[in-house]
1. Looking only at the range 463-488, count how many residues are surrounded by fewer than 18 Cβ atoms within 10 Å (Cβ to Cβ) and either of a type in the set (A, V, I, L, M) or modelled with pLDDT of 95 or more (or both).
2. Would you mention how many residues in the range 112-165 are assigned to a helix (DSSP H, G or I) and in contact (Cβ under 8 Å) with a residue 40 or more places away in the chain?
3. Look through Leu122, Leu162, Leu173 and report the one residue that is assigned by TED's automatic domain parsing to the domain that holds Val57 and in contact with a helix residue (DSSP H, G or I) (Cβ under 7 Å, 6 or more places away or on another chain).
4. Give the residues of the range 73-89 that are in a strand (DSSP E or B) and modelled with pLDDT under 95, sorted by residue number.
5. If the requirement is being in contact (Cβ under 8 Å) with a residue 40 or more places away in the chain, surrounded by fewer than 16 Cβ atoms within 10 Å (Cβ to Cβ) and in a helix (DSSP H, G or I), which of these qualifies: Asn265, Asn215, Asn253?
6. Name the one entry in Ala305, Ala321, Ala283, Ala279 that is in the same structural domain as Tyr435 (by TED's automatic domain parsing), farther than 30 Å from Ala259 by Cβ and either surrounded by 15 or more Cβ atoms within 10 Å (Cβ to Cβ) or at pLDDT below 95 (or both).
7. In the range 117-145, which residue that is more than 23 Å from Val59 (Cα to Cα) and crowded, with 17+ Cβ neighbours inside 10 Å is nearest to the chain's Cα centre (by Cα)?
8. Before we move on, is Thr351 modelled with pLDDT of 95 or more, surrounded by fewer than 22 Cβ atoms within 10 Å (Cβ to Cβ), in contact with a strand residue (DSSP E or B) (Cβ under 8 Å, 6 or more places away or on another chain) and outside the structural domain of Gln260 (by TED's automatic domain parsing)?
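The values are calculated or read from the model by the stated rules, or taken from the named source; none is laboratory data. Computed from a predicted model, the values in this text were never measured in an experiment. Note: ideal-geometry Cβ built from the backbone for every residue, glycine included; neighbour counts use all protein chains shown.
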Amino acid sequence: MSLACRRLLLPAVLAVLSAACAGESASPPVAGGDAQAAALSFDVDGGVLTAAPSEEVKVRIRSHGIIGSVTLSLDGDYADASLDRGTAKLDGGGDGEFVLRAPSVPATFSVVAVASGVKARLDVAVSRDGFATIRVSPSYQGKRPVTIVAASAFLQTTCADLAKLPPKDGAPLVVGTASETLVLPKVPAGARVAVSVRIAHYASGCVDLEALTPNETKDTTVKLFDRPLATDAANLASTFTFAPDPPDKASWNAVLAAAQTEVMNTFFPDLEAKRLLDAMADAAPSPAEKSAFNAKRTQQSWDSATTTWLSQHAPSMHSRAVTWSSASLPTILGDLVGPLVGAPDQKAVFTPSTLGTLDAVKAGISAAAPFSLTADTDDTLHLHGILVFLPTRLVAAGADRRAIVDFPAAKGVDSALDLAVDCAGLGNALANGGYVYSTCDGSCAAALCRTAITAQWSGAADLSSKLGGSVLLDVTASASSAVGEDAEPVSFDGAWVGQFTGTSMTAFACKGTVKGYTPPN
């Protein structure tokens, strides 16, 4: 494989090399390029342009299928180098040219050309004392998958200096496999050199070399070590499954049963007509209008009329809610899904979005739970955090989901009961062609009915919050992870264990699996 062919940058794969390097003088694309970059190349023998300090060099650029012009720029430590133009116009054959004025001091840097979304890179080496060759043997000391390795040189720089800077490539830049020797050609002689080698941006190594002599071929081995896993860069769609042992499942069912009892003891437990009319009166917008409503209630015997109305729309609201809730209880403990997003200082936030088929927020689960997120040297992730559950909200959310099965037009128990008892009809019956107070006609009375049912259902659902009945799940998880190009975890797969605790319950354990992946953009 020719030198120019081996200079294709990460993250392209080796399969692209042959397509991108059709000839010896073809210049490879810059990072992020692909096989289309062969459509743009520099007409430079050997792939590296050499020059003396302050020399002016005419450079020809060739395009294949690209029309218009090419944007030019310098990249790297180019000192006082300059280009005679920022844009090279292409002639009818797709060729253009520009003049590079080399810096007044020895340097290595790159010229970058961009046209029609395609990039190409030309490495430049400037020296007054001639050039040498460095043969680099990578030695990877880590355990992560090795795709391709990139080696580059930094002039008048040390590895300690590079460690203080954001990751970048020097020049010349050569790419190959971890098992081959990477040859850095035309490195300026007479100056110290730092040779940097990387695998994507998740493993790196560096070696300092003393000043090279002209025409010297220097062999060096560079050890590469894994960067620590960048947990702060995690952005993982995560799923916690629940697989409790039978005794612990029974304890969980007991928590739900107790919550169901609390909800149903509050939601129209008896005297439904009276409680509904009381709640409708409470929904009046002012004390005066509430008083007017109650006066007509007494005068026109609405309690008796409402009792008759509800009996004609059996079963009762309480019975329907119990039925829907009981049907939903066995299915409530589904997969807990949501994003896990890393933060500095080995922290993260898990934001539950769904529990099985339930909306997590509506079901009373922590909106944003702080987690610790650490990693071992073998890329095993460790998570720890506490999730907060509100059992009565959870039970109510399950009943809401089940109510929609019977009343597809509804959004939950309250709107299903609006349809079941026919609030519209009840409102018109109470108004009887007039008003239940002031200017509140039958349509307005129907809205009071709906508001009353919603208030009763919401009040029952919020009992855990009002009475301090939350249940905590302390979660500890370990999972092996796959690593992305910037050392960030891109997926993980493992198991978790935890314990449910609460003020009015006996603690019990739970466990399950945990998985995560980086969602597509």
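1. 7
2. Our first condition is that a residue be assigned to a helix (DSSP H, G or I); within the range 112-165, this holds for 159-163.
Okay, now just the ones that are also in contact (Cβ under 8 Å) with a residue 40 or more places away in the chain, so 159, 162-163.
Qualifying residue count for the region: 3.
3. Numbers: Leu122 fails: in contact with a helix residue (DSSP H, G or I) (Cβ under 7 Å, 6 or more places away or on another chain); Leu162 fails: in contact with a helix residue (DSSP H, G or I) (Cβ under 7 Å, 6 or more places away or on another chain).
None of the others qualify; the one that does is Leu173.
4. Of the range 73-89, the ones in a strand (DSSP E or B) are 73-76, 82-83, 87-89.
Within the range 73-89, Asp75, Gly76, Thr87, Ala88, Lys89 meet the criteria.
5. Values: Asn265 fails: in contact (Cβ under 8 Å) with a residue 40 or more places away in the chain; Asn215 fails: in a helix (DSSP H, G or I).
Step by step, each of Asn265, Asn215, Asn253 is checked, and only Asn253 is in contact (Cβ under 8 Å) with a residue 40 or more places away in the chain, surrounded by fewer than 16 Cβ atoms within 10 Å (Cβ to Cβ) and in a helix (DSSP H, G or I).
6. Details: Ala321 fails: farther than 30 Å from Ala259 by Cβ; Ala283 fails: farther than 30 Å from Ala259 by Cβ; Ala279 fails: farther than 30 Å from Ala259 by Cβ.
None of the other options fit; the residue is Ala305.
7. For the range 117-145, the residue satisfying everything is Arg144.
8. Values: modelled with pLDDT of 95 or more: yes; surrounded by fewer than 22 Cβ atoms within 10 Å (Cβ to Cβ): yes; in contact with a strand residue (DSSP E or B) (Cβ under 8 Å, 6 or more places away or on another chain): yes; outside the structural domain of Gln260 (by TED's automatic domain parsing): yes.
Criteria met by Thr351.
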